[in-house]
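See below for the structure under consideration.
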Amino acid sequence: MKLKNPIADLRLKYKRTFELSLIIALAIMIVAFKFFPDVSSGGLELDATQELFTVEDIQQTKQENRPPPPPKPPIPIEAPSDDVLEDIEIGDTEIDFEAEMEAPPPPKEEKKIEEEPTYFVAVEEMPEPVGGIKAIQEKIKYPEIAKRAGVEGKVYILAFVDESGNVTKAQVLKGIGAGCDEEALKAVQNTKFKPGKQRGKPVRVQVSIPVIFKLQ
């Protein structure tokens, strides 16, 4: 003989009990709705103060342009009184066209100071008369006064020779008088020279030239 499982027996009883309980509950509800149809549940009244909100129209603000400040009043200037005007004497402003007008003085001429050119005293190649000292001696005319007085000697002439070999200026360094100095100066000034040179380039040079005066 097999024994029943107690757990399976309990599940069977639980199912039957649940079904029976459900049937009884439904029956009670049907009876309640059938015999008590006018049962109405009282409503709950909630007393609460109702607040009213008013919506106001807010106007949009506008930025107004302020007018510029009024201009400052001008500073009053005192007008000259009649007493001051009476003391002022106005000279005659009429122009006399017939009167002789003096001419303005002529502008002063500005004198330009010319700087004298620089002449070398000693260079690599000193100036020489074209044809030598003999060419100068041939130009000498013995003065009659010197001949009569028997004047003889050497006249030393300082000649300033430019880059082209021309004598721009000459002066007597040492003379013997009796017209010999002037004759020697004239002969040197009329003589052409070979220009002096420094480093192969013609330059201005001052040179001393002896001129001999000797009676024959």
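We did not get these values from a lab; they are worked out from the coordinates using the rules stated. Quick caveat, the model's predicted, so the values are computed rather than measured. Glycine gets a Cβ as well: all are built from the backbone with ideal geometry, and neighbour counts include every protein chain shown.
Within the range 128-176, the residues that satisfy the criterion of being under 60 Å from the mean Cα position of the chain (by Cα) and of a type in the set (Ser, Thr, Tyr) are 164, 168. Looking only at the range 128-181, which residues are among the hydrophobic types (A, V, I, L, M, F, W, C) and within 23 Å of residue 116 (Cβ to Cβ)? Once the filter is applied, which keeps residues that are among the hydrophobic types (A, V, I, L, M, F, W, C) and within 23 Å of residue 116 (Cβ to Cβ), the range 128-181 yields 157, 158, 159, 160, 161, 167, 170, 172, 173.
In the range 116-164, the residue that is farthest from residue 203 (Cα to Cα) out of those that are in a strand (DSSP E or B) and in contact with an Asp or Glu (Cβ under 9 Å, 6 or more places away or on another chain) is 155. Taking into account only those residues within the range 165-216 that are basic (Lys, Arg) and in a strand (DSSP E or B), which is farthest from residue 125 (Cα to Cα)? Ranking the qualifying residues of the range 165-216, first place goes to 174.
A Cβ distance below 9 Å, combined with a sequence gap of six or more or placement on separate chains, defines the contacts here; from the range 196-209, residues that are closer than 22 Å to residue 157 by Cα reach residues that are part of a strand (DSSP E or B) and among the polar types (S, T, N, Q) in the pairs 204/168; 205/198. Residues that are touching a Leu at 6+ places or on another chain (Cβ under 8 Å), surrounded by 13 or more Cβ atoms within 10 Å (Cβ to Cβ), over 12 Å from residue 210 (Cα atoms) and in contact (Cβ under 8 Å) with a residue 40 or more places away in the chain within the range 128-176 comprise 142, 147, 152, listed in sequence order.
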